[in-house]
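One structure is given below, represented as C-alpha cells, and several questions about it will come after.
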Amino acid sequence: MENLKIDHIEGVLTISISRPDALNALNLKTLSELITVLQQTYKQTDYRGIILTGDGEKAFVAGADIKELAALTQEQALAFSQNGQRLFKLIEECPKPVIAAINGYALGGGCELAMACHIRIASEDAKFGQPEVNLGIIPGYGGTQRLTQLVGRGKALELMMTGDMISAQEAKSIGLVNHVVSKEDLMSVAGKMMARILSKGPIAVSQVIKSVNAGFNFEQSGYAAESENFAVCTTTLDFKEGTDAFIHKRQPRFTGE
C-alpha cells in the first residue's frame, strides 16, 4: 500500500493513513487502498478488530485532496462522492469493531471517516469540523447524515453551515467523540478498549453493530432487526458458553461460533 501503513498484532489490524506531506488528506488512491483493505478484512478470520488512525502527530485526516476536488466535473464529482460513501459504508457495516484513534486534525472527509467508525477516541489536541462550505460545496461522504445522527439536527446544521472547527473537548460534549485522552495515551487507550470488546462474544458484537445500523436505515425497522439478530445469537455456541460460564461463575471462552 502506497498511502497506508498496516500493522497486525494479536488479531487487531491497525491502519494508519500515511500522506504526511498532505496532512493525510484523502485522495482517490487512498480511498481505493482503504476499500481494498476493508474488503480483505471482512473475509479474513484472523482480523478481529480494526484501529484506524493517522500517521504523524499533526493530522488524523485533514480532509479530501483539494487539488483533485477542484478539477472534478459534475459527473466525476458524483462518482467521487459515491466512492467515498461506499468506503465509509464498508466501515460502518463492518461486522468487526472499528475504533478511530483521532490524532490532530479531523476535518471534512477526515471527520466523515471518523464518524463512520463505531467508536471515536480523540487526543486532547484533536480538531473537528466540516468546513466544506468554505469551498462552496457540502460534505459528500455521508457527513450530512452521520453528523446529524451523532449530535442532533440543530448542532449539525450549525457546524456544517458555519464551517466552524471545534476542539476535542467540545466534540466530546456534543457526542461526536466517546473519549478524549492525552496524545501520549491515545493508542494505548484505543488498544485497551479494543481488547475489552474482543473479550466478548464476537458474534454478539457483530449483531450489536448490525442492529444499531438498522435503526438508521429507513428501509428497515431497527426494532425488528434487533429481534431477529437477538434470536440469531441464541443459536450460537458462544451463547451456550456465555450462559454456562455465568451460571457456573467462571470466565467465558468465546470462539466466534
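All of the numbers you see were taken from the coordinates with simple rules; none came from a lab. Keep in mind the model is a prediction, meaning the values are calculated, not measured. Counting neighbours? That spans all protein chains shown, and the Cβs are built from the backbone with ideal geometry, glycine included.
With a cut-off of 8 Å between alpha carbons and a minimum separation of six or more residues, what is the relative contact order of the chain in percent?
Computed over the chain, the figure is 15 percent.
With a cap of 16 neighbouring Cβ atoms within 10 Å, and only residues DSSP puts in a loop, list the GluC sites (Glu not before Pro) found in segment 80-174.
Values: sites: GLU92, GLU93, GLU112, GLU124, GLU132, GLU158, GLU170; in loops: GLU93, GLU124.
Here the GluC sites (Glu not before Pro) that fit, given the DSSP loop and packing criteria, are GLU93, GLU124.
Where does helix 153-162 land angle-wise versus the long Cα axis of the chain, in degrees 0 to 90, nearest 10?
Helix 153-162 sits at roughly 30 degrees to that axis.
Here's a follow-up. Hey, what number do you get for the chain at 222 nm if only DSSP H runs of n ≥ 4 count, each worth -39500 (n - 2.57), divided across all residues, to the nearest 500?
Counting only the DSSP helices, I get -14500 deg cm²/dmol.
May I ask you to give the average projected area over all directions of the convex hull of the Cα atoms of the chain, in nm² rounded to one decimal?
Over all viewing directions, the chain projects a mean Cα-hull area of 14.5 nm².
Moving on to the next point. For the chain, the longest stretch holding no trypsin sites (Lys or Arg not before Pro) located in a DSSP loop with at most 11 other Cβ atoms within 10 Å is which?
The segment 1-248 is the longest one with no such site.
Quick one: net charge around ALA114, please, counting Lys, Arg +1 and Asp, Glu -1 for every other residue with C-beta under 14 Å from its C-beta. Present the calculation step by step, with values, prior to reporting the outcome.
Working: positive: ARG120, LYS127, ARG146, LYS172; negative: GLU92, GLU112.
Here the charged neighbours net out to +2.
Counting only other residues whose beta carbon sits under 11 Å from that of ASP185, what net charge do I get with K and R as +1, D and E as -1?
0
Using +1 on the beta carbon of Lys and Arg, -1 on that of Asp and Glu, and nothing else charged, what's the dipole of the chain about the Cα centre, debye to 20? Walk me through the numbers before you get to the answer.
Details: 25 positive and 29 negative charges, 113 e Å.
Dipole size: approximately 540 debye.
What angle do you read, to the nearest 10 degrees and between 0 and 90, between the alpha-carbon axis of helix 222-233 and the longest principal axis of the chain?
So the helix axis and the longest Cα principal axis differ by about 40 degrees.
Ok, one more. Which of MET115, LEU150, MET194 sits farthest toward the positive end of the charge dipole of the chain, with +1 on the Cβ of Lys and Arg and -1 on the Cβ of Asp and Glu?
The residue sitting most towards the positive pole is MET194.
If you don't mind, another one. Can you list the aspartates and glutamates whose alpha carbon sits under 20 Å from that of LYS29, skipping same-chain ones fewer than 8 residues off?
Those aspartates and glutamates meeting the cut-off are GLU2, ASP7, ASP21, ASP55, ASP65, GLU68, GLU75, GLU112.
Cα axis of helix 186-198 to longest principal axis of the chain: angle in degrees, 0 to 90, nearest 10?
40
So what's the net charge close to ILE166: Lys and Arg +1, Asp and Glu -1, counting the other residues with Cβ under 12 Å from its Cβ?
Neighbour charge sum, excluding ILE166 itself: 0.
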